[in-house]
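Peer 1: Just dropping this structure here.
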Amino acid sequence: MFKAIVIDKTGDRQQCAIRDVDEAELPGGDVTLRVEYSTVNYKDGLAITGKAPVVRKFPMVPGIDGAGVVTASAHSGCKAGDKVVLNGWGVGETHWGCLAQQARLKGDWLIALPAEFSTRQAMAIGTAGYTAMLCVRALEKHGVTPAQGEIVVTGAAGGVGSVAIALLAKLGYRVVASTGRLSAADYLKALGAAEVIDRATLSAPGKPLARERWAGAVDTVGSHTLANVCASMRYRGVVAACGLAAGMDFPASVAPFILRGVTLAGIDSVMAPRALRVEAWSRLARDLEAARLDTITREINLAAAIPAAAELLAGKVRGRLVVNVNA
Ligand code: NDP
C-alpha cells in the first residue's frame, strides 16, 4: 500500500483526498517509480480544484511532474535504481500521476535526472521551470540576443515567470518583470529582474500597435496581456506564449505580425518531443543557479498539496511549490 492524492467524481461533484492505494491498482506501464518529490503546477491546481476539466478519467491521481527512483523496469532505457524525472505526457490527466508515493509510467516518458540536480531540485523546477526553458530556447532559436533589448516576463512571480527571470538574467538579458504583486519586487529583483512593472499596465484592452519596447517576451498570462505585449514588441521581436493565467482569449490584431515582423512562438511542454526535453533539462543544468532555485521554492507535504492547489489558482503562491510525498 502507498499514499496518494486521489480525485474522484460522484455525479457532478468532484472530491479529492489522500488515500491508501494498493499497488495492484496502479495503471499499466513498463516502469514503476518510487516517487520522492512532486510539485503543484497550475494544471495540478486546475485538476485538484476541478476548476477546469483537466482530469479526463476518474479516479485519478494528480501530479503532472515527478522525480524519484526506478524500482522495476521492463524498458530498455532505464533500470531499477536509476533516478528519473517525468514532466507531462498527459500524466495526472489521463494516466495516474505523481502526487503519490508510487507511480507506474511509460519508460519512453522518463528522462534521466541530470547529475547537477537532486530529485527535490528537479521538482523545484518541474513543468513550470522546464517550460520557462522552452520559452528561452524559443527566443534564442528566433535570434533574440541580449544586445537587442529588454525581455518582458508576465506573471512574473509565478512558477514559470520566476524561473524565466532567473534564466534570462543569468544569460545576460535585461529582464522586466510584470506582476500584480508589487510587494514581490525585492524577490523579483533578487532573481535578476532589472525592473518591475505593474501588470495593470498590460491587462486592459489596448491598441493594435503601441510604443515599441520589448525585444522578447515570455507570456504566461494570455488574453489582453498577450495582445498588449505583441503590440509593444520592437521590430522583429519574439513572443514566447505559454500561459493563460488571465484567460485563453487573444483579443489582438495582426498589426504587430505584418507591420513589425513580430514572431509569436507557441510553447507546449506536455507533448514536446523527447529530444527537446533532454536539451531543455541539460540547459537548465547549465543555466539555472541552485541558489536561485532555493529562493523560489517552498516545500510542503502531500496533505498540504490539496489546499495549496486553490491558493495557487488564486495567485497567492510565489515561485514554486515542491511536494515531499513521503513527509
Ligand atoms: P502560477 O500560478 O505559479 O503563476 C501564474 C502567475 O500569473 C501568477 O503568479 C500571477 O503572477 C499571474 N496571474 C494570475 N492570475 C492573473 C490574472 N488574472 N491576470 C494577470 N496575471 C495573473 O502558474 P505557472 O507559472 O506554473 O503557470 C503560468 C501559466 O502557464 C498557466 O496558465 C499555466 O497553465 C501555463 N503553463 C503552460 C505550460 C505549457 O506547456 N504551455 C506549462 C506550464 C504552465 P503575478 O502575481 O506576478 O502577477
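Peer 1: Could you state the angle between the C-alpha long axis of helix 302-313 and the longest principal axis of the C-alpha atoms of the chain, as a value from 0 to 90 degrees rounded to the nearest 10?
Peer 2: So the inclination is approximately 20 degrees.
Peer 1: If you stretched the chain out fully between S118 and M1, how much longer would it get, using 0.36 nm times the residue separation minus the C-alpha to C-alpha distance?
Peer 2: 39.6 nm
Peer 1: Of all the Cα-Cα pairs you can form in segment 126-266, what percent are over 26 Å apart?
Peer 2: Considering segment 126-266, 11 percent of its Cα-Cα pairs are separated by more than 26 Å.
Peer 1: For V322, list long-range residues whose amide hydrogen, built 1.01 Å from N in the peptide plane, is under 5 Å from its own amide hydrogen.
Peer 2: Hits under the 5 Å cutoff: R298, E299, I300.
Peer 1: Let me ask another. Given the pairs K43/K207; K141/K207; K51/K316; K141/K170, which span a C-alpha to C-alpha distance of over 20 angstrom in this model?
Peer 2: K43/K207; K141/K207
Peer 1: What relative contact order, as a whole-number percentage, does segment 126-266 give when Cα pairs under 8 Å and 6 or more residues apart are counted?
Peer 2: The value is 23 percent.
Peer 1: Let me ask you something else. For segment 256-327 and segment 140-207, what is the separation of their C-alpha centers, rounded to whole Å?
Peer 2: Between the Cα centres of segment 256-327 and segment 140-207 lies a distance of 15 Å.
Peer 1: While we're looking at this one, here's another question. Give the aspartates and glutamates whose C-alpha is closer than 18 Å to that of K189, dropping any in the same chain fewer than 8 places away, or say none.
Peer 2: By straight Cα distance, K189 reaches E150, D198, D287, E289, D294.
Peer 1: Follow-up. With a point put 7 Å past each Cα toward its Cβ, work out how far R56 is from A17 in nm, to one decimal.
Peer 2: With each label placed 7 Å out from Cα toward Cβ, I get 2.8 nm.
Peer 1: Can I ask one more? 222 nm [θ] for the chain, helices only, -39500 (n - 2.57) per DSSP H run of 4+, per residue, to 500?
Peer 2: -9000 deg cm²/dmol
Peer 1: Next question, about the same structure. Sticking with the crude label model, points 7 Å out along Cα→Cβ, report the distance from E25 to R236 in nm, one decimal please.
Peer 2: It works out to 5.7 nm between the two label points.
Peer 1: Take every DSSP beta bridge with both residues inside segment 2-154 and express the antiparallel ones as a percent of the total, to the nearest 5. Present the calculation step by step, with values, prior to reporting the outcome.
Peer 2: Values: 28 of 29 bridges.
Just about 95 percent of them are antiparallel.
Peer 1: What is the extension gain from D268 to R298, computed as 0.36 nm multiplied by their sequence separation minus the C-alpha to C-alpha distance, in nm to one decimal? Mind showing how you got there, number by number?
Peer 2: Numbers: separation 30, 0.36 × 30 = 10.80 nm, distance 2.53 nm.
Between D268 and R298, full extension yields 8.3 nm more.
Peer 1: Take the Cα atoms of the chain, find their three principal axes, and give me the spread along each one in whole Å, biggest first.
Peer 2: For the chain, the Cα extents along the three principal axes come out at 60, 44, 35 Å.
Peer 1: To the nearest 10 Å², what's D22's accessible area with a 1.4 Å probe?
Peer 2: Probe radius 1.4 Å; accessible area of D22 about 70 Å².
Peer 1: So for the pair H142, I258, with labels modelled 7 Å out along Cα→Cβ, what separation do we get in nm?
Peer 2: 1.8 nm
Peer 1: Over the alpha carbons of segment 11-74, what is the largest minus smallest coordinate on each principal axis, giving the biggest first in Å?
Peer 2: The Cα atoms of segment 11-74 stretch 38, 24, 19 Å along the principal axes, largest first.
The values are calculated or read from the model by the stated rules, or taken from the named source; none is laboratory data. Note that the coordinates shown come from a computational prediction; the quantities given were computed from them, not determined experimentally. Note: ideal-geometry Cβ built from the backbone for every residue, glycine included; neighbour counts use all protein chains shown. The protein model used for the area step is the full one, side chains on, heavy atoms only, and it has no ligands, DNA or RNA in it. Shrake-Rupley method; radii C 1.70, N 1.55, O 1.52, S 1.80 Å.
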